[in-house]
Amino acid sequence: MPLKLIKVKSLKIKLIIWFSALLIAVYLALSLYFFLSHRSALYQKLDSELKVATLSLIKNLRMEENGVLTLSQNYLSGIDPAIGFKIFNHSGQVIFEIIRSEVSRERENSEKAALPEIWSSLDSLGFSFADRQKNPPTDNYFFRTRKSDKEHYWRILLLKTTIPEEEVEERNNEKANELPSVIYLVAFKSTRPIDEELETILRIIIIGGTAVLALSFAGGLFISNRALKPIQMISSTLKNISASNLKTRIPSGSYDRELVPLVKQLNDTLDRLDRAFERERQFTVDSSHELRTPLAAIINILEILERHPRSSEEYHQAIDEVLELASGLQNTIEDLLILARLDAGRSPLQLSRASFFELINEAWEMVKDKAAEKKINFHNEISPELIATIDIQKMKRVFINLLKNAVLYHRPNGTIWARGQQFNDRISLEISNNGPEIPPEKIPHLFERFYRGDESHSNAVEGAGLGLAIVKTAVEIHGGQVQVRSQAGLTSFIITLPKI
Amino acid sequence: MKILVIEDHRPLAKSLSKGLKEENYTVDLALNGQEGHFLAESNSYDAIILDLMLPEVDGLTILKRWRQKGNQTPVLILTALDSPDQVVAGLDAGADDYLVKPFHFDELLARLRALIRREHQRKDPVLKISDLLIDTRKRKVWRGEKEIFLTAKEYSIIEYLAYHPGEVISRTELWDHLYDWASETTSNVIDVHIHHLRKKIDQSYSKKLIKTIKGGGYALKID
């Protein structure tokens, strides 16, 4: 089974983890840098000690006539007793050795047997015979760290040099050529003090790291609490907001710059919700008014009619009034149902190919009697070739409503036109009339539900002001839009539909 | 009794006005808020029936304006708005009663009578002056055991006087409460009605109830 990473869901824990990880990483990097540079400084110091001791040893070395090297006794007092020396001749034999108490103590402490092997030959010190033969570099210092046993390290200096010539000539002129003028000098010192110091440093680093880790958790907790506090404040404000109380807003002043867009977004969303609820509420109020008032009138007319004996003329008049009111009520209910279905998306688009010319002619059939009363002319100027994929029933309703309105608000003997135009990506349809213009301040409200141009709610028969709301909703369901232009004596409702 | 009906739905307004007139009320009708406000400011009504959703100025705004200016006329709100919030808002704006559409005309009439009784600190729908009884529910009048038959206008005058027992009511005041703003009759006709009322109510009784106050008007009182 593959290992799954545990997904941390808490922002707080994430913040703490990131904060701690970052802090620890910085701490480790710094510690590592310090450790390594300190180690290299310690080795440099050790190396220069070896170098100085070696130089001074060479100065104090004397070559006896028999080829034995001797050292002036007072030399040793000035030299670190922890440094040991060995000198090999050209053929790799030990010709000289200084191992004093400090060195031997180091050697005692470790496994005695393991020790000599390391520097018993030059080869084991990485200074092979082959290397020595080949143009050997003279007076060059080589430093190596060698392990004498499991945990004991030595720092070793290797130097190939020659004994100063003047001295050799002085003492043994004839035999000069036989003398081993080239020697290999090895100086060594235990790295134990360095190792111990580095170990202590490492221990301090680890202890410090634990402290840093603990601190970083505490700090992370503190920072994440502080960072999350405004979010908690926002959420506690939001908790108090419900459908009945949409007026509350998150106070925007007190938040940090980074949270301002979030607060603004939330407040904007609340504004939109509030407006939607307000519209819904207004719609309920309006629809109850539009349904109850005509109903109240019907009941009132009938109740009053019943209170006293009436003439047949009075009865007929009342029947006419009630019928008119009832049919107005029926229209309102029909329109409300259409809108409710459009809103709920419960009447999906039933798309088919249709000719707008024929569709608009059919729509005109529904209003032409009313138009004839006012002697209104109609010109359908749409090309019969203008065909589109639409929901025929819904689009027919759109044109019936637009034509009905055009007739209703038109003056007698006026004219109504239907025009159409085809573009690459859209179809534009226009129902225009040369009737009275719509005042500009009314245009933005035309498509609102229950809005009526004449603002009197008394024209019961003419509908409740839902016609244009239905037009807008139906066109928008088709992915199109409706615009109104009313100027220079011409009022046009322009429908733009995308070409499917 | 004179009622102002402010209602923008023309068929309902017409029908209400007709029904109230048949019930012997004098009715002024306003089809929008502006007109209703103007009529209420310039006339004295015994009650106002107010719709809330009106074109131009809405009902609550008008009502608040009246109450701020000290208009004390009883107001009955007649509206389609039925939520408790809206009822509370209506009553708190200074309305005396609230009735939701659709409504029963009988209920509306009963509420109107109650409003008028309350306005005159009465509880009993039957008004009594000595042995004169006026049943405001059926608009019937008795003197002692004997029922007295009055015309609509005569009844209105005696009812109005009986609501203000002992008070001197001027001809103008009577005229204001009995005729709508469009009437062209003069206040002389009041004297004619009073003359007929005297014949029917006081003539055959020793105790005269209708008094003429010189330079003032009329009063209904026991000596």
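The values are calculated or read from the model by the stated rules, or taken from the named source; none is laboratory data. None of the values given here were measured: they were computed from a predicted structure. For neighbour counting, all protein chains shown are included, and Cβ atoms are generated from backbone atoms with ideal geometry for every residue, glycine included.
Summary table below
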item	result
Filter result for the condition that a residue is on the phi < 0 side of the Ramachandran plot and out of contact with any Leu (no Cβ under 6 Å at 6 or more places or on another chain), over A:A297, A:A318, A:A326	A:A326
Count - residues of region B:1-24 that are assigned to a strand (DSSP E or B) and of a type in the set (A, V, I, L, M)	4
Answer residue from region B:25-39, given it is within 13 Å of chain A (Cβ to nearest Cβ) and in a helix (DSSP H, G or I) and is surrounded by the fewest Cβ atoms within 10 Å (Cβ to Cβ) among those	B:Q34
Residue within region B:60-74 that is within 14 Å of chain A (Cβ to nearest Cβ), β-branched (V, I, T) and not in a strand (DSSP E or B) present	no
Strands (runs of 3 or more DSSP E) within region A:389-500 that include 3 or more residues of a type in the set (G, A, S) and surrounded by 21 or more Cβ atoms within 10 Å (Cβ to Cβ)	none
Inter-residue pairs, beta-carbon under 6 Å, first farther than 13 Å from A:A187 by Cα and assigned by TED's automatic domain parsing to the domain that holds A:P193 and in region A:140-154, second surrounded by 14 or more Cβ atoms within 10 Å (Cβ to Cβ) and at pLDDT 75 or above, 6+ apart	A:K147/A:Y153; A:S148/A:W154; A:Y153/A:T191
Among residues of region B:182-207, those that are part of a loop (DSSP other than H, G, I, E, B) and surrounded by 13 or more Cβ atoms within 10 Å (Cβ to Cβ), counted	3
From B:I116, B:I134, B:I77, residue being more than 14 Å from chain A (Cβ to nearest Cβ) and assigned to a strand (DSSP E or B)	B:I134
Hey, A:L266 surrounded by 17 or more Cβ atoms within 10 Å (Cβ to Cβ), at pLDDT 85 or above and over 27 Å from B:K18 (Cα atoms) or not	yes
Count of residues meeting criterion [surrounded by 15 or more Cβ atoms within 10 Å (Cβ to Cβ) and more than 19 Å from A:L36 (Cβ to Cβ)] in region A:200-211	0
Those residues of region A:294-310 which are outside any helix (DSSP H, G or I) and either more than 7 Å from chain B (Cβ to nearest Cβ) or farther than 22 Å from B:N24 by Cβ (or both), in sequence order	A:P309, A:R310
Pair list, Cβ under 9 Å, 6 or more apart: region A:38-56 residue on the phi > 0 side of the Ramachandran plot, other residue of a type in the set (K, R) and at pLDDT below 90	none
From A:F357, A:F283, residue being aromatic (F, W, Y), within 30 Å of A:L386 (Cβ to Cβ) and either at the interface with chain B (Cβ under 9 Å from one of its Cβ atoms) or assigned to a helix (DSSP H, G or I) (or both)	A:F357
Filter pass, B:V88 being over 21 Å from B:I213 (Cα atoms), away from chain A (no Cβ under 14 Å), buried (at least 20 other Cβ atoms within 10 Å of the Cβ) and over 16 Å from the mean Cα position of the chain (by Cα)	no
Residues (touching a Phe, Trp or Tyr at 6+ places or on another chain (Cβ under 9 Å), in a helix (DSSP H, G or I) and of a type outside the set (D, E)) located in region B:166-180	B:R171, B:L174, B:H177, B:L178
Residue check, A:L325 within 30 Å of A:E280 (Cα to Cα), free of Cβ contacts under 8 Å to residues at least 60 places away in the same chain and outside the structural domain of A:V471 (by TED's automatic domain parsing)	no
Failed item in (1) within 19 Å of the chain's Cα centre (by Cα); (2) more than 9 Å from every other protein chain (Cβ to nearest Cβ); (3) not charged (D, E, K, R), with B:S15 passing the rest	(2)
Residue that is of a type outside the set (F, W, Y), more than 11 Å from chain B (Cβ to nearest Cβ), surrounded by 12 or more Cβ atoms within 10 Å (Cβ to Cβ) and more than 26 Å from the chain's Cα centre (by Cα), where the choices are A:L291, A:L273	A:L273
Selected residue (only one of A:E321, A:E314 is acidic (D, E), in contact with a Pro (Cβ under 8 Å, 6 or more places away or on another chain) and within 14 Å of chain B (Cβ to nearest Cβ))	A:E321
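Here is a yes/no grid of residues against (1) within 14 Å of another protein chain (Cβ to nearest Cβ); (2) within 13 Å of the chain's Cα centre (by Cα):
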residue	(1), (2)
B:E41	no, no
B:I49	yes, yes
B:A93	no, no
B:K128	no, no
B:G144	no, no
B:L150	no, no
B:S156	no, yes
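Condition check ((1) under 18 Å from B:S17 (Cβ atoms); (2) outside the structural domain of B:L20 (by TED's automatic domain parsing); (3) surrounded by fewer than 17 Cβ atoms within 10 Å (Cβ to Cβ)) across all residues:
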| residue | (1), (2), (3) |
| --- | --- |
| B:L52 | no, no, no |
| B:V57 | no, no, yes |
| B:T79 | yes, no, no |
| B:D96 | no, no, no |
| B:K101 | yes, no, no |
